[in-house]
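In what follows, a structure is listed as structure tokens, so that the remarks can point back to it.
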Amino acid sequence: MPWYLLLPLSAAALYAFSSLLIKRGLSEGVTMTQSFHLTNFAVGLVFTPLLFLETGEVHWDLVLHPILVTIAFFLGTWLTFLSIRLGDVSLVTPLMGTKVVFVAIGVVVFAGSVPPLALWIAAALTATGVFLMGAGDFGKKAVGHATAVSTALLSAAIFGVCDVMVRMWAAEFGAMTFLALSSIGVALISATLWLIQGRPSLILPIGARSATLAGASIVGVQAVLMGLALSYHDDATGINVAYASRGFWAILFVGWIGPKFGNHERHASGRAFGWRIAGTVLLTAAIVLAVVARARLGR
């Protein structure tokens with residue numbers, strides 16, 4: 001297995017765990033506004049040290065590129081939080097795995113290159129798997145699941161395009177600075193929105209404080225891992241197929257340690273949880289296929 005795929009695989013596990021923590025905070029009285037802004041601030045803070053790790057020349061004439069990524073990342077993050085608030089972690093997180101399909105399409109549209117056939121097959125398996133995970137919930141449209149599914153898919157599409165832009169532009173601009181500026185920009189937009197909203201309180205309920213802050217910090221760490229993988233390795237599709245394993249991790253964490261964090265989706269969702277587990281089979285097959293394909297290519 002190419003060593004760099006350990007970055008998105010680790011990020012996937014961290015993302016799933018952070019979603020569990022964020023959902024816990026939301027269920028304990030933290031508002032979406034509080035969780036959203038604090039997470040954006042944490043991401044900006046975690047990425048800031050990268051400014052001091054830049055070793056190459058920074059091409060400031062291309063500053064529009066990190067600005068565009070900032071805007072895309074901000075919109076994708078907002079949609080993700082909306083999805084988590086409206087739907088179950090074991091539904092929303094796997095659906096986010098469809099990002100790999102949008103990345104594969106984005107590579108063709110924006111970069112003008114076609115991924116190997118094996119990765120297209122992996123992308124198709126991933127899409128099928130994540131939709132199978134949500135199959136048991138599609139009948140609950142009247143209670144918000146349709147909106148959760150729609151916002152998760154739209155977020156996946158935006159993040160998919162964002163990843164392609166990072167792969168295309170980061171190294172040319174100065175990868176470390178690009179990643180730092182994009183994430184600091186998200187924090188600045190969030191701060192501006194917070195001011196426009198009338199500076200709503202960011203003081204969290206005592207019982208939800210640890211989960212929310214830990215979740216926000218972990219989101220930042222996993223974003224760094226993904227940013228580094230995309231910036232330095234020309235394999236946006238393969239990286240995102242590996243990152244799609246967050247659906248598997250979400251199912252595992254919800255079923256294994258969910259109750260310890262006040263998450264009872266395993267029992268509350270009934271048969272739907274079984275469909276979500278079934279979907280992990282296709283998802284795992286897609287990940288294995290992508291890893292094997294890249295190994296054969298020596299990538």
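Side notes on the structure shown:
- Helices (runs of 4 or more DSSP H) (entirely within segment 166-255) containing at least 2 residues that are within 23 Å of VAL288 (Cβ to Cβ): 206-232, 236-243
- The conditions of being modelled with pLDDT of 90 or more and either part of a helix (DSSP H, G or I) or more than 25 Å from VAL46 (Cβ to Cβ) (or both) are not met by ALA127.
- Evaluating ARG266 against the criteria (1) buried (at least 22 other Cβ atoms within 10 Å of the Cβ); (2) over 30 Å from TRP120 (Cβ atoms); (3) modelled with pLDDT under 90; (4) touching a Gly at 6+ places or on another chain (Cβ under 8 Å) leaves one unmet condition, (1).
- Candidate set from segment 24-64 (those that are assigned to a helix (DSSP H, G or I) and polar (S, T, N, Q)); member that is farthest from LEU179 (Cα to Cα): SER27
- Verdict on ALA229 being at pLDDT 85 or above and more than 14 Å from the chain's Cα centre (by Cα): no
- Test: residue in segment 65-87 that is buried (at least 24 other Cβ atoms within 10 Å of the Cβ) and not in a helix (DSSP H, G or I): yes
- For VAL186, the conditions (1) closer than 18 Å to LEU64 by Cβ; (2) touching a Lys or Arg at 6+ places or on another chain (Cβ under 9 Å); (3) not hydroxyl-bearing (Ser, Thr, Tyr) all hold with the exception of (2).
- The one condition in (1) within 19 Å of ILE184 (Cβ to Cβ); (2) part of a helix (DSSP H, G or I); (3) more than 12 Å from the chain's Cα centre (by Cα) that LEU21 fails to fulfil: (1)
- Residues located in segment 195-212, provided they are in contact (Cβ under 8 Å) with a residue 12 or more places away in the chain, hydrophobic (A, V, I, L, M, F, W, C) and surrounded by fewer than 19 Cβ atoms within 10 Å (Cβ to Cβ): LEU202
The values are calculated or read from the model by the stated rules, or taken from the named source; none is laboratory data. Predicted, not measured: the structure shown is a model, and the values here were computed from it. FYI the Cβ positions are ideal-geometry reconstructions off the backbone, even for glycines, and counts take in every protein chain you see.
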